[in-house]
1. Enter the per residue convex hull volume of the chain, computed from alpha-carbon coordinates, in Å³ rounded to the nearest integer.
2. With each label point set 7 Å from Cα along the Cα-Cβ vector, what nm distance links residue 200 and residue 370?
3. Compute the projected area of the convex hull of the Cα atoms of segment 270-378, averaged over all viewing directions, and report it in nm² to one decimal place.
4. For segment 208-266 and segment 323-354, what is the separation of their C-alpha centers, rounded to whole Å?
5. Take peptides 260-268, 29-37, 82-90 and line them up by average Cβ neighbours within 10 Å, highest first, as a rough protection proxy.
6. So, R0 is 51 Å and r is the distance between the beta-carbons of residue 303 and residue 120; what FRET efficiency does that work out to, to 0.05?
7. Just grab the label-to-label distance for residue 42 and residue 325, each label 7 Å out from Cα along the Cβ direction, in nm (one decimal).
8. What is segment 74-139 by shape, rounded, prolate or oblate, if you read a ≥ b ≥ c off the alpha carbon gyration tensor as root eigenvalues and call it rounded for a/c under 1.5, prolate for a/b larger than b/c, and oblate otherwise?
């Protein structure tokens, strides 16, 4: 309940009234708590400050809400939202450092099924984010915004020309109609303490650099955030050469230095994530017809001096980037089977390749193989999100202490 009695931020968790602790565990805003208990927001503020005592019935209702939320044993330290969430790669990182997700938006119905299966939430998963960007007040208040927005071209016209025509300029015009525009509107409305945006590496060069320049201009000059970006390869955590750009912004100045972060040395190999041969269903082995086609396709382009075609890997290798089209033929990452035809990765191996099924974390897959391949191909590598979240953690805490 970040907007109730801000001096209580300085108190220890134990000294807070039980009412406030339960509200935090339930992830309730002042307005939500008032609606749940059928009292005024002013009364909620008095309960949270310890200036008034809620009824036993109100406390029972609140305890039930906290139990349904199934949060961490300790109250959440900050609230975040997950836009263009996919199956929750970014969320894994920020939930892992004590954050509580209060809003999720993902347009793909199958991705929402996987997300709901793997995260126990006290909020319904929203669909198209544009409906909420049109009225940002519908998005719950939050401290951190996460978004893996798609890369789209912007139509950029000169500000001076727009001024002469009496037209608005800035992100309300330059990026209108893009999904970055919707992200920017939510940031502008809620002014979170920090955000993390993720996109493909080529965002920097997209449209000859103009797309990225516009994004950075909006975030820094128009929204006033202190912003840094860096391309990071997932190969430090998983056996996959997957490079993505991450954009970190803080509302206030901070000592956070994205480019100074030291990435783990070395990295795992495919043998660390592959299933034993006996556990792999024969259906993942390429059919003779598909294998003949892929070899002929590669030979044809090799004769022309092109490098197009399938890629074959063994347990000591690091794979190419897993794409959302992997379900079509698996050609970008084929696993060598000595003495036989190669095979695709299984969905479970893809979950491991993306860091979702890792260590003690088990990932549930209840969609078709086609949908699973699409979801993992579009996802954020979970250990990269965990690394960035851990690096941002003290700066998020400092920002909230100052607010």
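None of the figures in this text is laboratory data; all of them are computed from the coordinates on show. What you see is a predicted model, and the numbers here were worked out from it, not measured in a lab. Cβ: placed from backbone, ideal geometry, glycine included. Neighbour counts: every protein chain shown.
1. 173
2. Simple spin-label model gives 2.2 nm for this pair.
3. Directional mean of the projected Cα hull area for segment 270-378 stands at 7.3 nm².
4. So the two Cα centres are separated by 30 Å.
5. Most protected by this proxy first, the peptides run 82-90, 29-37, 260-268.
6. 0.40
7. About 6.2 nm, to one decimal.
8. In terms of gyration-tensor shape, oblate.
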